[in-house]
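The values are calculated or read from the model by the stated rules, or taken from the named source; none is laboratory data. All figures in this text were calculated on a predicted structure; none of them were measured in a lab. Virtual Cβ from ideal backbone geometry, glycine too; neighbours counted across all protein chains shown. For accessibility, only protein heavy atoms count, side chains too; no ligands or nucleic acids. Shrake-Rupley method; radii C 1.70, N 1.55, O 1.52, S 1.80 Å.
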Amino acid sequence: MGTSTATVAEETESSSTILIEDASFRGDGGDEGDGGDGEDFSASDATMSHNLVIESVHPDSTMGEERQHPMAQITNVSELRDVQPTDWAYEALRSLIQRYDCIAGYPDDTYRGNVALTRFEFAAGLNACLQQIEHQIITSTEDGVNPDDLAGLQRLVTEFEAELATLNERVDSLDRSVAVLADNQFSTTTKLTGNVFSNLTGAFANGDIQAEGLSAFATGRDENNDPVVRQITNDPEITLSYLVFLNLNTSFSGKDNLTLQLVAGNGNSPANEFVSAGLFNTFGVPFTDQQPAVNANDLVIRELFYSFPLRDRLQLVVGPQVNWYRHFDLNRFTFFLTGTSSFNSIGSTLLNTLDRGVGAVAIWDISEQLNLRVSYLAENTEFLPQPPFGSASDPDKGLFGGINTFTTELTVSPTDQLNLRFLYNRSRREGGFGLFKGGAQGEPIYGFADDGFGGELKSATADTFNFNFDWLISPGFGIFGRYSYGSTNLNPRTPGLSDGEVNVQALQLGVAFPDLGREGALATLSYQIPFSVLDGSNFLVSGGGDGGVQYEFEATYYYPLTNNLALVPAFYLIANPNNFSDNPTIYVGNIRTQFSF
């Protein structure tokens with residue numbers, strides 16, 4: 001049946017009113033109406049001319065209390081038509097409505113007084129008139145209230161006392177439920193996100209490439225104490241690989257986050273065939289074209305950490321596998337998902353001695369313009385064999401032996417478009433690792449180092465300084481860059497030998513074109529010098545070359561096809577590879593597809 005809808009004429013906050021949005025006004029709880037004018041009246045038809053809408057309160061409603069009222073046993077709407085238009089109460093309420101404008105009716109501005117009401121529907125309308133008349137008495141309006149109307153109103157209240165009481169109880173219960181929901185609106189949730197990458201990659205050189213070392217992982221010196229050099233005469237084949245990230249983020253309070261990242265893949269990029277020992281996964285290698293575990297296709301934990309606020313502007317990150325690169329040396333134009341794409345371009349080539357580690361990162365938002373980060377991590381990297389790596393869990397090395405780093409970085413943001421980052425990193429490596437290896441395990445050494453005579457190192461410490469900036473000059477144009485300087489002290493294992501020192505620098509400059517061709521797209525052009533030896537080359541058994549300086553050009557274009565799918569072509573040019581000045585140029589082409597969910 002069609003039921004009446006009441007709207008309070010003046011805004012009130014009395015607990016006896018019911019705020020209902022997007023609810024059905026059907027008397028039988030959902031089936032089509034069969035009485036009155038035969039219309040099926042829904043909430044969208046109601047005219048909410050004021051602040052509160054009073055719905056006909058049916059016992060079948062689940063508003064705030066369990067369905068325990070005896071009237072909940074009634075299932076046929078025809079049984080509830082116990083206030084007929086011919087009843088005295090019906091006529092008395094209609095008279096009050098007309099005089100005091102206490103109920104706004106249907107969209108056609110009619111009250112439909114010939115429609116029967118349930119006693120609860122009638123009580124809802126009566127309650128609205130009670131509030132309106134009470135408001136007129138309190139504010140002493142000029143119209144006043146007729147004493148006869150007050151007498152009739154009192155008779156109505158007496159007649160419907162039980163329904164009004166139930167109405168108020170249900171509103172109170174609803175208020176309590178809303179309060180409970182407000183106090184407990186957050187529940188522990190875990191969100192799954194992920195990225196799936198595929199890489200089609202090819203690389204070739206204009207001639208034979210000289211590379212130091214017996215392979216990308218082994219090196220040595222010849223009888224003249226010079227680094228062993230091998231010739232690479234064949235170009236590698238084109239490869240197709242995949243990489244998958246699965247992220248599980250769990251929050252217990254809405255302000256904290258437990259992160260678990262799983263990863264699997266099988267990449268071995270073609271440019272790795274050209275590198276000197278210790279330079280695996282460096283120049284010419286797309287970051288997502290990698291094997292993220294010791295064995296191809298193994299599913300391993302890449303990140304596991306918990307972040308939570310200590311104070312309003314202070315956050316702490318702790319865990320057994322904290323990703324250093326998630327928190328340091330960030331740049332809006334070199335993020336590997338949307339910006340530059342190679343290992344050498346997404347971050348400083350002189351950072352960091354470890355990738356993931358056990359420890360903590362403190363993040364302090366000093367102000368809108370200043371951010372300070374401090375970290376201590378002990379090595380626990382998923383793609384390195386344990387032992388000898390994974391030193392943090394090795395009782396012979398532990399948290400403060402083996403490989404560990406201390407990092408602090410200050411970010412200065414004068415505007416939203418400009419970020420300046422100043423970073424200092426202290427790294428330490430000791431015991432049981434043999435040669436001090438660069439790449440993922442030895443920055444700022446970019447290759448292998450020994451004691452200068454082919455002997456192993458007992459330990460090594462390094463100080464690295466890095467400046468990093470990004471500047472969005474206009475909505476469609478930005479610039480970015482890095483400069484890094486690293487000094488490594490080498491402590492030989494052989495007694496009587498003096499410590500050695502290797503000093504190096506690295507440079508990156510680039511331009512970026514946000515939203516080029518499509519909103520969300522990003523094109524970047526980057527120039528970098530990954531490893532320029534300033535002094536101490538006699539301690540390098542690989543990476544130093546013949547004293548030349550390797551430099552690279554990179555072009556990457558991130559183009560989102562949809563919200564979840566992107567196509568990312570990239571091109572790399574590597575001149576003087578492996579720091580040999582007479583090495584021919586290497587060219588690399590890559591097409592990456594990237595699916596995110």
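To the nearest 20 debye, what is the magnitude of the charge dipole of the stretch 147-225 about its Cα centre, counting +1 on the Cβ of each Lys and Arg and -1 on the Cβ of each Asp and Glu? Kindly include the intermediate steps, with their values, before the conclusion.
Values: 5 positive and 13 negative charges, 80 e Å.
Result for the stretch 147-225 is approximately 380 debye, rounded to the nearest 20.
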Which percent of Cα-Cα pairs in the stretch 470-597 sits in each 5 Å bin, short to long? 2, 9, 14, 15, 14, 13, 10, 9, 6, 4, 2, 1, 0
Can you list the HN-Hα couplings for the stretch 149-155, worked out from phi with the Karplus curve (6.51, -1.76, 1.60; θ = phi - 60°), rounded to whole Hz and with x for Gly and Pro? 5, 5, 5, x, 5, 5, 5
Hey, can you grab everything whose amide H is under 5 Å from the amide H of Ala521? Only 5+ residues off in sequence or another chain; H modelled, so Pro and N-termini drop out. Asp515, Leu516
Expected vector for the stretch 295-309, Karplus 3J(HN,Hα) from phi with 6.51, -1.76, 1.60 and θ = phi - 60°, integer Hz, x for Gly and Pro, equals 10, 4, 6, 6, 8, 10, 7, 9, 9, 8, 7, 10, 10, 7, x
Keeping all protein chains in the complex and leaving out DNA, RNA and ligands, what accessible area do you get for Lys458 with a 1.4 Å probe, in Å² to the nearest 10? 120
For the stretch 208-327, alpha-carbon Rg over 2.2 N^0.38 Å: 1.48
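For the stretch 437-568, with only Lys/Arg (+1) and Asp/Glu (-1) charged at the beta-carbon, what is the dipole magnitude about the Cα centre, in debye rounded to 20? Intermediate values should be presented prior to the final figure.
Values: 5 positive and 14 negative charges, 46 e Å.
That gives the stretch 437-568 a dipole magnitude of about 220 debye.
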Enumerate the calculated ³J(HN,Hα) couplings along the stretch 412-420 in order (Karplus 6.51 cos²θ - 1.76 cosθ + 1.60, θ = phi - 60°), each rounded to whole Hz, writing x wherever the residue is Gly or Pro. 10, 10, x, 9, 5, 8, 10, 10, 10
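Rounded to the nearest 20 debye, what is the charge dipole size of the stretch 308-372 about its Cα centre when +1 sits on each Lys and Arg Cβ and -1 on each Asp and Glu Cβ?
Numbers: 5 positive and 5 negative charges, 19 e Å.
Magnitude of the dipole: close to 100 debye.
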Among Ile473, Val502, Gly517, which residue has its Cα furthest toward the positive end of the charge dipole of the stretch 433-585, with +1 on Lys/Arg Cβ and -1 on Asp/Glu Cβ? Gly517
